[in-house]
Amino acid sequence: MNGRNSIYILLLFILAGCITACRITKPYQPPAITDNNLYRDVNTTDTNSLARVHWKEIFTDTLLQQLIATGIRNNLDLQVAWSRMRQAEANYAQSRQALYPSVNGDVSAAYAGASNQQRTGRTVIPQQYNAGLAAAWEADIWGKLRSNKRAGLAAFLQATANARAVQTGLIASIATNYYNLTALDQQLKITQQTVVNWQATVEVMKELKKGDVVTGAAVVQSEASRYAAEVTIPDLKQSIRETENQLNLLLGQAPGPIARSGLDDQQPVMLLKTGVPAQLLANRPDVQAAEYNLRYYYELTNVARAYFYPALTISASGGYASYFSLTGPGSWISNLTAGLTQPIFNQGINKTRLKVAKEQQQQAALDFRTAVLTAGQEVSNALYSYQTAVEKGNSRRLQLQNLQLSVNYTQELVRYGFANYTEVLNAQQNLLTAQLSRINDHLQQLQAVVFLYRALGGGWQ
């Protein structure tokens, strides 16, 4: 059989293999999110989602916007995530080169009688020169190399989605800590004012004791209540400092003070749009990453199937040989070979590879399902947390009004002996507790918006 017939046979073999490869490697079909009730008690066909809104429209405080912009620019975890994305991009670019032949060049010189000539001290002159190129190419007749390339693309897309997930988490963390900081400021302010009010109560009790309206027990109890409020101030200041330090860590900078507005200046978004659950795959980066992970292992399963079939390798080499110099008279040499390698017995490696690949693919499918359910849980929790905070708002306002009146009334009544001093102390303590609870209600509402924005996948687009 001459060389031309061999090439024709090889081409026919490759063509037949490409047709067969469609049955060996199966095309990937992305999973669909069909859970219409993924968001508890939320049934809507409105596709408008908070996730599509830019973070500057969600967090309108200019000082907070500056912090978020700094965090996106300098956060160390986010920089690491983007570095991993670039590494995956480089690996994907390399995997694409596997479809092309490898080419190597070689230049050599051969010496005749080199050992004897070196012992006699005579000049060693090369006797033969060779220069050539060698190329090798594996025909991707079963789709193994193409599946590997698609797996590399999935890994790159997964790394990109992971980096976006880090950014959404970063924005949420900065906003959460910022709101915590403003709430702590407000708690400190109210507690310090309460200490002043308690001191005024102590002075009143001392005057009333002089008039035999109250006993010494009223004086010492009011002083004890003052100190009970005052002793919480150092803890609040410590929490403020630690929260500032945490924010600086998120910003990628050394500990220091944080410029901020007041809690009452923070107005949460009132119109909360969740979209439909099917949009999670397009909006939420960690769900996207889970889907790309599934795609990655799906393609590796295709690769594992292809290992059961013969590999066709075509190699060619050519060069020039001369006995005097590379520019002198010589001869050209060329060679073309093709070989098939069919696995017959390899200690069960191919079977194990396929079994492991299928299990990894199944595990990735379960991880994707977990990511979807987790997203649904987080959206549902954030919505209900916001709703709860709003519902408490009106009742808390009325509670504070009545507690303030209670403090005023009991202070007047105790002056004239119509109320016990403990009623004054209880009224003031209840007022302080309600004031702090009002701060927590406002903070809960702000944080619920942050959590919902992140749960829907906002912050990276």
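The values are calculated or read from the model by the stated rules, or taken from the named source; none is laboratory data. The structure presented is a predicted model; accordingly, all values stated were derived computationally and were not measured. Here the Cβ is made from the backbone with ideal geometry for all residues, glycine too, and neighbour counts use every protein chain on show. Please note that ligands, DNA and RNA were not included when accessible areas were found on the heavy atoms of the full protein model with its side chains. Shrake-Rupley method; radii C 1.70, N 1.55, O 1.52, S 1.80 Å.
A few notes on this one:
- Derived scalar couplings ³J(HN,Hα) [the stretch 27-33; Karplus, 6.51 cos²θ - 1.76 cosθ + 1.60; whole Hz; x for Gly, Pro]: x, 7, 10, x, x, 9, 9
- When the stretch 196-315 is described by a simple charge dipole with +1 on each Lys and Arg Cβ and -1 on each Asp and Glu Cβ, the residue from Gln266, Asn293, Pro310 located farthest towards its positive end is Pro310.
- Separation of the Gln401 and Leu413 label points, Cα + 7 Å toward Cβ, nm: 2.1
- Working ranking of peptides 231-242, 164-175, 201-212 by packing, defined as the average number of other Cβ atoms within 10 Å per residue, highest first, is 164-175, 201-212, 231-242.
- Mean projection area, nm², convex hull over Cα of the stretch 374-458: 6.0
- Shown in residue order for the stretch 143-149 are the 3J(HN,Hα) couplings computed by the Karplus curve 6.51 cos²θ - 1.76 cosθ + 1.60 at θ = phi - 60°: x, 5, 5, 5, 5, 4, 5 Hz (x for Gly and Pro).
- Here the stretch 350-396 is treated with +1 on each Lys and Arg Cβ and -1 on each Asp and Glu Cβ, and its dipole about the Cα centre works out to around 320 debye.
- Neighbours of Ile72 by Cβ distance under 13 Å: Lys/Arg scored +1, Asp/Glu scored -1, total +2.
- Legend: distances between Cα atoms for Lys149/Lys358; Lys56/Lys189; Lys189/Lys210; Lys273/Lys392; Lys206/Lys237; pairs beyond 24 Å are Lys56/Lys189; Lys189/Lys210; Lys206/Lys237.
- Projected label points at Thr47 and Asn74, each 7 Å from Cα along the beta carbon direction, are separated by 4.1 nanometres.
- Highest-first arrangement of 79-87, 186-194, where packing means the average Cβ count within 10 Å: 186-194, 79-87
- Residues in the stretch 252-266 carry Karplus couplings, in order, of x, 9, 5, x, x, x, 10, 6, 7, 8, x, 4, 5, 7, 8 Hz; the curve used is 6.51 cos²θ - 1.76 cosθ + 1.60 with θ = phi - 60°, and Gly or Pro positions show x.
- Peptides 178-184, 406-412 ordered by packing proxy, namely the average of other Cβ atoms within 10 Å per residue, highest first: 178-184, 406-412.
- Amide H within-cut-off set for Thr274, under 5 Å, with H built and near neighbours excluded: Leu50
- Within the straight-line cut-off of under 19 Å between alpha carbons, the lysines reachable from Lys355 are Lys26, Lys144, sequence neighbours fewer than 8 places apart in one chain being disregarded.
- By accessible area with a 1.4 Å probe, ligands and nucleic acids excluded, highest first: order of Asp77, Asp264: Asp77, Asp264
- Simple Cβ-charge dipole of the stretch 155-280, Lys/Arg +1 and Asp/Glu -1, about Cα centre, in debye nearest 20: 280
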